[in-house]
Amino acid sequence: MTVKAYGAHAGDLPLEPMDITRRGPGAHDVRIDIAYCGVCHSDIHQVRAEWAGTLYPCVPGHEIVGRVSAVGEHVDGFRVGDLVGVGCIVDSCRHCEDCGAGLENYCDHMVGTYNGPTPDAPGHTLGGYSQQIVVHERYVLRVKHPETQLAAVAPLLCAGITTYSPLRHWNVGPGHKVGVVGIGGLGHMGIKLAHAMGAHVVAFTTSESKRGAAKALGADEVVVSRHAGEMAAHAKSLDFILNTVAAPHDLDAFFELLKRDGTMALVGAPATPHPSPQVFNLIMKRRSLAGSMIGGIPETQEMLDFCAVHGIVTDIEMIRAGQINEAYERMLKGDVKYRFVIDCASLGG
């Protein structure tokens, strides 16, 4: 089936309308009419070939929500009309240790929602800046939020799970003092989720103007990281730091804020490396530097259910598909609170 999409034919070209082909639903496939697709910073890195290996044409988008329009004959978990989502994963090997543990995000053969290998034309996956997508039922997620919140649910499929997974893995909860570095697409979700989990949340920003916004999101305290005195006041006080910043920066200033045995987990993915941290900031207090990448399918469903129960969605600005190039430039300037979402109905005209 031919559907409308938005993508790029080269890294130095703008995104433009294009027609793409979707396979018909196989026995275990779900076809989804896409209502909304979130815009992730990763989309920019990949479509502009800032990350190696971009395949063209590139149709980005891995924060997908919509309604089931067809199911394969052996699909029993979804029905036509269901509200569903698709995140960053549309396939994996399904038999390795990671897949068996529901951690498909760490499978060596994980297939991304775009730019991953597939037998479908054109030989690599094409993402959610499009009218429809067909996905194996294993990688489809059920949305329990009210339909009126559907657009704001879309970024949960990446920004939500990217922050939820490390908070859960490091057992964040009541009695914990947690730092969230960066108040953007990821960081604003980190604040909301850590607050809902019962932690005392300290938000870190370089912008004085974001103090009020961070408090409104659920932060108990806000620190402007450019102010040495404010940083020093939190020395050796944090159990865990979720660092969401997607640009290279000095990590040492934040290590000094961790307690003994504290961990800083990096979830931002910069195009170039962070400066190497000083080893003594790690070894003197047995601190840890860790990373975390999205989440597996079971945990992503858990995150969506948690957010539905707690009334959590992302803060979004809706755009038409034709505004995507402008949105990219605004994202690079930090000019969005906090996530753009494409109204995929606009792909039709």
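The values are calculated or read from the model by the stated rules, or taken from the named source; none is laboratory data. Here the structure is a predicted model, which is why all the values come from computation and not from measurement. Note: ideal-geometry Cβ built from the backbone for every residue, glycine included; neighbour counts use all protein chains shown. The accessibility values were calculated without ligands, DNA or RNA, using every heavy atom of the protein model including side chains. Shrake-Rupley method; radii C 1.70, N 1.55, O 1.52, S 1.80 Å.
What the table shows:
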read-out	value
For region 160-291: rounded, prolate or oblate by the Cα gyration tensor [a/c cutoff 1.5]	rounded
Carbon/sulfur fraction of accessible area - the chain, other protein chains in place, 1.4 Å, %	52 percent
R0 of 25 Å, Cβ-Cβ distance residue 73-residue 95: FRET efficiency to nearest 0.05	0.60
Region 1-120 shape via C-alpha gyration tensor axes, a/c threshold 1.5	oblate
Unit Cα scatterers, Debye sum, region 132-207: log10 I(q)/I(0) for q = 0.13 Å⁻¹	-0.48
Value of relative contact order over the chain, rounded to a whole percent, pairs C-alpha under 8 Å and six or more apart	18 percent
Dipole-positive endmost among 206, 235, 271 within region 160-291 (Cβ charges, Cα centre)	235
Degrees between helix 159-169 axis and first principal axis of the chain (Cα, 0 to 90, nearest 10)	50 degrees
Alpha carbon convex hull of region 26-78, volume per residue in cubic angstrom	106 Å³
Lys/Arg +1, Asp/Glu -1 at C-beta; region 235-349 dipole; positive extreme among 283, 303, 247	283
Size of electric dipole in the chain: Cβ of Lys, Arg +1 and of Asp, Glu -1, about Cα centre, debye, nearest 20	760 debye
Helix-only mean residue ellipticity at 222 nm for the chain, each DSSP H run of n ≥ 4 adding -39500 (n - 2.57), per residue, nearest 500	-5500 deg cm²/dmol
Subset of 210/337; 144/192; 4/333; 215/285 violating a 21 Å alpha-carbon distance limit	4/333; 215/285
Per residue accessible area in Å² of region 23-169, where ligands, DNA and RNA are left out and the probe is 1.4 Å	37 Å²
Cβ crowding within 10 Å averaged over residues, with 268-276, 337-345 ranked highest first	337-345, 268-276
Where only C-alpha atoms are counted, convex hull volume of the chain per residue in Å³	131 Å³
Per residue value of the accessible surface for region 253-349 (all protein chains in place, 1.4 Å probe), Å²	49 Å²
Percent RCO, i.e. relative contact order, over region 1-120, from Cα pairs under 8 Å lying at least 6 residues apart	22 percent
